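Chemist: Pasting in a structure now, in structure tokens, and then I'll have a few things to ask.
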Amino acid sequence: MDKYKVLIGLEMHCEISETNTKVFSSAENSYKDEPNSNVRPVDLGFPGTLPVVNKEAVKKALMASIILNCKQPEYIYFERKNYYYPDLPKGYQITQNTKPMGINGYLDILVNGHIKRVDIHDLHLEEDTASLEHYPKYSLIDYNRCGSPLMEIVTEPCMESADE
């Protein structure tokens, strides 16, 4: 008799690369260029700047929500999640907490010849952080990735094996 039952839930971050600009600014959505070359004041949270949502990123996140059989919200709402992290220049992240792009979805997967339903808790759109590169005596921050559209998919803890 087993004492423990494994329950696995996943939180997956997916960059939405097929947009020309970042999720809340007009900066180019490319972090492979010269470091800190694709940054706008809104990405860094400068005073007086206001974010404007990238409609293409919203469209792609909603499409993914539909593909994952989620229920879509009546309206789309973004919030500030405040926390300190070295590569989060604003001290907050614009994300969806109370009204994600989709909730209560599922994805059927084939595992060892059987269909397993993976329940999706939510799918939400948020902005990515900058990137850190660590060296023995210092670290460098590249803000090009900061503000890139990031889709986060959260499953329920419904998987019971590594195969699943």
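The values are calculated or read from the model by the stated rules, or taken from the named source; none is laboratory data. Just so it is clear, the structure is predicted and the values come from calculations on it, not from any experiment. Cβ: placed from backbone, ideal geometry, glycine included. Neighbour counts: every protein chain shown. Accessible surface areas use protein heavy atoms only, side chains included; no ligands, DNA or RNA. Shrake-Rupley method; radii C 1.70, N 1.55, O 1.52, S 1.80 Å.
Chemist: Order of 144-152, 59-67, 129-137 by packing, highest average Cβ count within 10 Å first?
Modeler: Averaged packing, sorted descending, gives the order 144-152, 59-67, 129-137.
Chemist: Suppose all protein chains stay in the model; what accessible area per residue would a 1.4 Å probe give for the chain, in Å²?
Modeler: 63
Chemist: With n ≥ 4 as the cut-off for DSSP H runs, can you work out [θ] at 222 nm for the chain, using -39500 (n - 2.57) per run divided by the number of residues, rounded to the nearest 500?
Modeler: -3000 deg cm²/dmol
Chemist: Place a point 7 Å from Cα of T98 in the direction of its Cβ. Which residues in region 58-78 have their backbone N less than 12 Å from it?
Modeler: Under 12 Å, as judged by backbone N against the label point of T98, lie 77-78 of region 58-78.
Chemist: Using label points projected 7 Å from each Cα along Cα→Cβ, tell me how many nm separate E79 and E164, to one decimal.
Modeler: 2.9
Chemist: Would you mind checking which residues have amide H under 5 Å from T21's amide H? H placed 1.01 Å from N; only 5 or more apart, or other chain.
Modeler: Placed amide hydrogens put N29 under 5 Å from T21.
Chemist: Turning to a different aspect of this structure: Report, to the nearest whole %, how much of the accessible area of the chain belongs to carbon and sulfur atoms, 1.4 Å probe, protein only.
Modeler: Percent of accessible area from carbon and sulfur atoms in the chain: 54.
Chemist: Continuing with this model, one more query. How would you order 107-113, 23-29 from highest to lowest mean count of nearby Cβ atoms within 10 Å?
Modeler: 23-29, 107-113
Chemist: Also: Taking Cα atoms, how many degrees apart are the long axis of helix 55-67 and the longest axis of the chain, rounded to 10 and kept between 0 and 90?
Modeler: 10
Chemist: In nm, to one decimal, how far is the modelled label at H114 from the one at K5, with both set 7 Å along Cα→Cβ?
Modeler: So the two model labels end up 1.4 nm from each other.
Chemist: Projected onto the charge dipole of region 15-160 (+1 at Lys/Arg Cβ, -1 at Asp/Glu Cβ, origin at the Cα centre), which of I16, Q96, Y85 gives the Cα projection farthest towards the positive end?
Modeler: Value computed over the given set: Q96.
Chemist: What is the distance, in nm, between label points placed 7 Å from the Cα along the Cα-to-Cβ direction at L107 and at E156?
Modeler: Each label point is offset 7 Å from its Cα along the Cβ direction, giving 1.6 nm.
Chemist: Name the residues whose placed amide hydrogens come within less than 5 Å of the amide hydrogen of E79, ignoring near sequence neighbours (fewer than 5 apart) on the same chain.
Modeler: T95, Q96, N97
Chemist: Further, regarding this structure: Taking the Cα centre as origin and putting +1 on Lys and Arg beta-carbons and -1 on Asp and Glu beta-carbons, what dipole magnitude results for region 83-156, to the nearest 20 debye?
Modeler: Result for region 83-156 is approximately 60 debye, rounded to the nearest 20.
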